[in-house]
1. Spot the failing condition for I111; the list is (1) over 28 Å from S322 (Cβ atoms); (2) modelled with pLDDT of 95 or more, and only one is missed.
2. Pull out all pairs, ordered by first then second residue, where Cβ-Cβ is under 8 Å, the residues are six or more apart or on different chains, the first lies in region 208-223 and is of a type in the set (A, V, I, L, M), and the second is assigned to a helix (DSSP H, G or I) and surrounded by 13 or more Cβ atoms within 10 Å (Cβ to Cβ).
3. Pairs needed: first member in region 270-289, touching a residue at least 24 places away in the same chain (Cβ under 8 Å) and over 15 Å from F342 (Cα atoms); second member anywhere, hydroxyl-bearing (S, T, Y) and open to solvent by 10 Å² or more (accessible area, probe 1.4 Å); C-beta distance under 7 Å; at least 6 residues apart or different chains.
4. Can you tell me how many residues in region 273-286 are under 22 Å from S352 (Cβ atoms) and surrounded by 22 or more Cβ atoms within 10 Å (Cβ to Cβ)?
5. Under 25 Å from M51 (Cα atoms), in contact with a helix residue (DSSP H, G or I) (Cβ under 7 Å, 6 or more places away or on another chain) and not in a loop (DSSP other than H, G, I, E, B): is that true of L77 in this structure?
6. Quick one: in region 31-49, of everything that is open to solvent by less than 40 Å² (accessible area, probe 1.4 Å) and either over 11 Å from Y345 (Cα atoms) or free of Cβ contacts under 8 Å to residues at least 60 places away in the same chain (or both), which residue is farthest from the chain's Cα centre (by Cα)?
7. For V328, are the conditions met, namely being closer than 18 Å to A290 by Cα, in contact with a helix residue (DSSP H, G or I) (Cβ under 8 Å, 6 or more places away or on another chain) and among the β-branched types (V, I, T)?
Amino acid sequence: MIKQYKLRFYNFRLVLLLIAISSIGVVLVTSARADLRNKQLVGLILGLIVMVVLSLMDYSWILNFQWIMYGVNIVMLLGVRLFGSNAGGATRWLQIGGFRFQPTELSKIIIILFFAKFFMDHEEDLNTLKVLAEAAILLAIPLVLIYAQPDMKNTIMVTLVFCILLYMAGLRYRIIGGAILIAIPLIIIFLSIVVQPDQKLIQDYQRKRIMSFLYPENEEYSENIEQQNNSKTAIASGELVGKKLTGDDSTSSVNEGNFVAENQTDFIFAVAGEEYGFIGCTVVVCLLMAIALECIRMSLRAKDMAGRILCCGIGSIVALQSFLNICVATGLAPNTGTPLPFVSYGLTSLISLYIGMGIVLNVGLQSSAYNKEIQRKEIYEKEEYL
C-alpha cells in the first residue's frame, strides 16, 4: 500500500550514504574485474528503485503478510535443496530462466520481517516458554535448510541476528544469562569436535579453514591460509593513499597477478586497501558504520516495536557482515566467504540489502514526529468540520 509522505521526513542522509558506498563498490568491482562493472551498475540502479518503492509502502501493511513471506522463504530454500545449482562445493543458487540468484540473501531479510511481526504480536508473553519454543522452531526450519547447502557462515549470521531481534523485543536478562551459560560449553564442545579429522558436523573444506586459522604455521594448511596472507600483503602495499592514486605499478597487483581468488566478492577489501590505501579503507569502514548507526537512529524513532526490530535487524546484518568480511581480509577470522555489504559483487546480496534499507526508510517516515503531525491535521480538520 503506497502512502503519501512529506519529503522533510525522508532520510536523505541514509540515501546519500548508500549511494556513496555502492558507488565505491562499483569502482572496486571494476578494478577487480572490469567485465562485471555493468552488472554491478544494474544491481545498484535496481536496488535504488526497489528501495524507493518500498520506502513509500507502509511497513505495517507489509508485515500483515508475514506467514506468506515465511512460506515463500521455505519454498525458496527447499528449491535450492532440490533444484539448486552447485558451485565451489556448495548448492546455494537457483536458476530461473536466465536469472540466477542466491535465496539465502533474501531469506535473511524475510526472517527479520517475519520475526518483527511475530515478536510484536507476542509482546506481552514473549518471555514464556511456549512463545520462545515456538520462535525457536520457526527459526530452526529455515536454518536447517541454510546449513544443509552447506552455508555455515549464514547459519551463524542468521542465528546472531535472531538473538539481536530477541533482545530488542524485550527478552529478560535472566533468560539471556541462562542462554549464555548454556551456549558457552556447547560452543567449546562443537569446536573440540570439528577440529578432529574424522568429524561429520561440518564439511572438510570448512574444517581446513578453521584449522588454517588456528594453526597458520602448519604446512598442511598452507594453501588455505595463502589467500589471506596475500590479502594482508595487498592491503599493506597500498600504504596511505594506494597504488591507484600514486600510479605505483612497480610491484605486481593483487588484481593483475590473481594472487587472491574471488577478489571481487570475498576479498574486495583487499582491492580497496591496495588501490586506495589506508584512506580508502577508512572511508569504506566509516560509511558502513554510518549506515549501521543510521539504522539504529531510525529504530529510536519507530512508532512501534516492529519498526524498532526491523531497523536493528537490518542494521545488524550490515554491521556483522562488514565486520566479518574485513576480519577475513585482514586475517583476524577464518575465511568464510562473506561479501562486504554494498561493496562486493553480487546482485542478490545488493538488492536484498536495498530491500531492507527501503523498509528502514519507511520506518523513519512513520516516526512519532510524522504521526503527531498527522494527528494534529486530523484534529484540525475535525474542528473545522464541527
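1. It is condition (1) that I111 fails.
2. I210/V194; M211/Y221; M211/N224
3. The qualifying pairs are E274/S237; E274/S253; E275/S31.
4. Residues in region 273-286 being under 22 Å from S352 (Cβ atoms) and surrounded by 22 or more Cβ atoms within 10 Å (Cβ to Cβ): 1 in total.
5. In short, yes.
6. That would be S31.
7. So V328 fails the test.
Let's see how each residue does on (1) surrounded by 13 or more Cβ atoms within 10 Å (Cβ to Cβ); (2) at pLDDT 90 or above; (3) within 14 Å of the chain's Cα centre (by Cα):
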residue: A148; (1), (2), (3): yes, no, no
residue: M152; (1), (2), (3): yes, no, no
residue: M157; (1), (2), (3): yes, yes, yes
residue: C163; (1), (2), (3): yes, yes, no
residue: G177; (1), (2), (3): no, yes, no
residue: L186; (1), (2), (3): no, no, no
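The values are calculated or read from the model by the stated rules, or taken from the named source; none is laboratory data. Since the model is a prediction, treat every value here as computed from it, not as a measurement. All Cβ positions, glycine included, derive from the backbone under ideal geometry; neighbour counts span all protein chains shown. Note: areas computed on protein heavy atoms with side chains; ligands, DNA, RNA excluded. Shrake-Rupley method; radii C 1.70, N 1.55, O 1.52, S 1.80 Å.
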